[in-house]
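Read the figures in this text as sums done on the coordinates, not as results from a lab. All values derive from a computational prediction rather than experimental measurement. Note that each Cβ is placed from the backbone with ideal geometry, even for glycine, and that neighbours are counted across all protein chains shown.
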Amino acid sequence: MKSLPMFLNGEWIEAGDGATREVFNPANNQLLAVVADGGERDAEAAIGHARRAFDEGPWPQMRAPERASYLFKLADLIDKNADALAELETRNNGKPLREAKYDVADAAGCFRYYAGLITKPLGQTYEVGDPAIQGMVVREPVGVCGQIIPWNYPLLMAAWKLAPGLAAGNCCILKPAEVTPLTAIELFKLIAEAGFPPGAAQLLLGPGPTVGQALAASMQVDKIAFTGGTVTGRKIMTAATGNIKKVTLELGGKSPCIVFADADFDVALEYAMFAIFAGQGEVCSAGSRLILDKKIADKFLPRLAEASAKIVVGDGLDPMTEMGPLITPAHMEKVLGYIEAGRGEGAETICGGHRVTDGALAGGNFVAPTIFVRTRPEMKIVREEIFGPVLVVQLFETEEEAVRLANDTIYGLAGGVFTSDLGKGLRVLKKLRAGVTWLNTFHPTFNEAPWGGYKQSGIGRELGTFGLDAYLETKQININLSPAKLGWFGSAA
Ligand code: NDP
């Protein structure tokens, strides 16, 4: 099988040392593709190209409407290739095709959003005490940006990083996860077709600990943007200290889904499932802790278990499939390990709790939707991000207790509340120490709205105007309207 190359400085190239890596379909662990597997030398080459492209090339100097035209063109090309991109995403990541289609449409929307935003007013003018001085603030690109993305939303995360970065005039180097590089490769074919100048956007393939680390540590890279696990986020932040890089981190979560007794029962039930089982639970904002009003637990939990057991687990390409496989055998083992740990600590499953190996699923990484009750706050399954289809239930009696349980985590990415009392809902949302919150819904994400976490869920925000901000420097300019001698040094000057 011929290997798929990376895209450096406008050219498709193999890894410098010729290394390649196999990419598998998580639904059956069969070989999907072979791709270039870059090393530190390739990372250095990409950084050098990006540095030159930023310091001497046309992209940062180009007027915003012209830069926007490239992004609009790219969005149109994504739409034109949407079916193929979605199918490839499902093959490589495992997620059901309907979710992949949503991601592709959202990715195109993200490029359009930032193409529009960059042509809107930026900066400030202001009046200072000195009447001779006119003050203003202009926004400028940060420079060379390393962008490291995970495997759970391969195309969408590429869009979240590239769209604001490129719109702002930065030269971006995208490093996808090793296990899911395929839609990024297709995206860069479209970037090449759209005609972006060489070095404006590059695709660097290779392992995180080598090429990712090189991006994070390089003195030539001005900003690093990362989405992934908190442990890796910490390494990236440490590596970035050398030249005091700008850092944005979108990390993990253990997000609460709080259901009050006065919530619409059926709506809350479906969303409690959607919160954790969409995307196989491999979602940073997954509602992995159901914080449930004790008053309705006896009715809610059996219904939840019954409905969750009926979720159709299968190959994402099968139109009947509602939940796909986990990303790799190793990740599946990690999730199964958490399930064992939960049982070992005395929690009980009311649904799932095992691998699914029926028929054709035997060769894939399938885990049944799993729900744990009789949990205690100190349990590993309650405290740690599992990143799989595993829900832990915690019961509360008062609003204060619900808030306390919800905030009892090192994370602070997201949280949802279900209640028919809007005052109570807003009260509780305002007390959640989390960056993304929902009332009577869970998961909706908008290109217009800032995304990111409190506490150990990250630093900074993506999307919305905040997301563009993270790719812009801020410069004050002071203009003397009436230059005259200062007289500071008397007659000496
Ligand atoms: P990582 O966070 O390690 O991987 C995310 C990205 O970082 C990948 O591109 C990876 O490259 C890269 N990377 C890995 N190590 C380094 C490094 N030292 N320097 C720079 N880049 C690096 O995710 P894992 O796949 O290891 O998953 C571990 C856990 O992280 C999951 O179980 C889950 O809990 C959490 N996670 C959270 C995500 C989120 O959206 N918040 C997404 C993915 C995982 P490569 O693939 O080549 O290793």
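Under the rule of at least 5 residues apart or a separate chain, name every residue whose amide H is placed under 5 Å from the amide H of residue 326.
For residue 326, whose amide H was placed from the backbone, the distant partners under 5 Å are 365, 366, 367.
Inverting the mean 1/r over all pairs of different Cα atoms, compute the Kirkwood radius of the chain and quote it in Å.
23.8 Å is the Kirkwood radius here.
Quick one: of 73/95; 80/245; 80/475; 80/235, which pairs are farther than 29 Å apart, Cα to Cα?
Correct reply: 80/245; 80/475; 80/235.
Quick check on the range 330-458: what does the Kirkwood estimate of hydrodynamic radius come out to from the alpha carbon pairs, in Å?
The answer is 16.4 Å.
Once both axes come from the Cα atoms, what is the angle between helix 422-431 and the longest principal axis of the chain, in degrees from 0 to 90, rounded to 10?
With both axes taken from Cα atoms, the answer is about 60 degrees.
Taking the simple approach of a point 7 Å from Cα along Cα-to-Cβ for both residue 79 and residue 400, what is their distance in nm?
Each label point is offset 7 Å from its Cα along the Cβ direction, giving 5.4 nm.
Hey, what's the per residue convex hull volume over the C-alpha atoms of the range 1-112, in cubic angstrom?
Value for the range 1-112: 118 Å³ per residue.
Under the Karplus relation 6.51 cos²θ - 1.76 cosθ + 1.60, θ = phi - 60°, what is the ordered set of whole-Hz ³J(HN,Hα) values for the range 212-225, x standing for Gly and Pro?
Once θ is set to phi - 60°, the couplings for the range 212-225 become x, 4, 4, 4, 5, 8, 4, 6, 8, 9, 8, 9, 10, 10 Hz.
Write out the trypsin sites (Lys or Arg not before Pro) in the range 5-110 meeting two conditions: DSSP loop, and at most 13 other Cβ atoms within 10 Å of their Cβ.
63
Please give the length that would be gained between residue 244 and residue 105 if that part of the chain were fully extended, namely 0.36 nm times their separation in residues minus their C-alpha to C-alpha distance (nm, one decimal).
Between residue 244 and residue 105, full extension yields an extra 46.5 nm.
Give the angle, between 0 and 90 degrees and rounded to the nearest 10, that separates the Cα long axis of helix 265-277 from the longest principal axis of the Cα atoms of the chain.
60
Give me the one-decimal nm value for the distance between modelled label points at residue 474 and residue 128, 7 Å along each residue's Cα-to-Cβ direction.
Placing both labels 7 Å beyond Cα along the Cβ direction yields 1.6 nm.
Suppose we flag GluC sites (Glu not before Pro) only when DSSP calls them loop and at most 10 other Cβ atoms lie within 10 Å. Which is the longest uninterrupted stretch of the chain?
Result for the longest clean stretch: 1-377.
Please give the calculated 222 nm ellipticity per residue for the chain, where each DSSP H segment of at least 4 residues contributes -39500 (n - 2.57) and the sum is spread over every residue; nearest 500 deg cm²/dmol?
-11500 deg cm²/dmol
Taking the Cβ-Cβ separation of residue 378 and residue 439 as r and a Förster radius of 30 Å, what is the calculated FRET efficiency to the nearest 0.05?
It comes out at approximately 0.55.
At 7 Å along the Cα-to-beta-carbon direction for both residue 358 and residue 298, put a label point, then send me their distance in nm to one decimal.
Going from the residue 358 label point to the residue 298 one covers 3.2 nm.
Counting other Cβ atoms within 10 Å of each Cβ, which trypsin sites (Lys or Arg not before Pro) in the range 264-346 have at most 14 and sit in a DSSP loop?
310
Under the rule of at least 5 residues apart or a separate chain, name every residue whose amide H is placed under 5 Å from the amide H of residue 137.
Counting only residues 5 or more places away or on other chains, the set is 124, 125, 477.
Please give the contour-minus-distance gain from residue 69 to residue 13: 0.36 nm per residue of separation, less the Cα-Cα distance, rounded to one decimal in nm.
Taking 0.36 nm per residue and subtracting the Cα distance, the gain is 17.5 nm.
What residues have an amide H closer than 5 Å to that of residue 4, excluding those fewer than 5 places away on the same chain, when H is modeled at 1.01 Å from N in the peptide plane?
Amide H to amide H, under 5 Å and 5 or more residues apart or across chains, residue 4 pairs with 34, 35, 36.
Report the calculated FRET efficiency for residue 482 and residue 341 (r = Cβ-Cβ distance, R0 = 60 Å), to the nearest 0.05.
The value I calculate is 0.25.
First measure r as the distance between the Cβ atoms of residue 348 and residue 30, then evaluate 1/(1 + (r/R0)^6) with R0 = 30 Å and state the FRET efficiency to the nearest 0.05.
Taking R0 as 30 Å, the efficiency between residue 348 and residue 30 is 0.25.
Scan the chain and report its longest stretch carrying no chymotrypsin sites (Phe, Trp or Tyr not before Pro) that are both in a DSSP loop and have at most 12 other Cβ atoms within 10 Å.
Within the chain, the longest run free of exposed chymotrypsin sites (Phe, Trp or Tyr not before Pro) spans 1-445.
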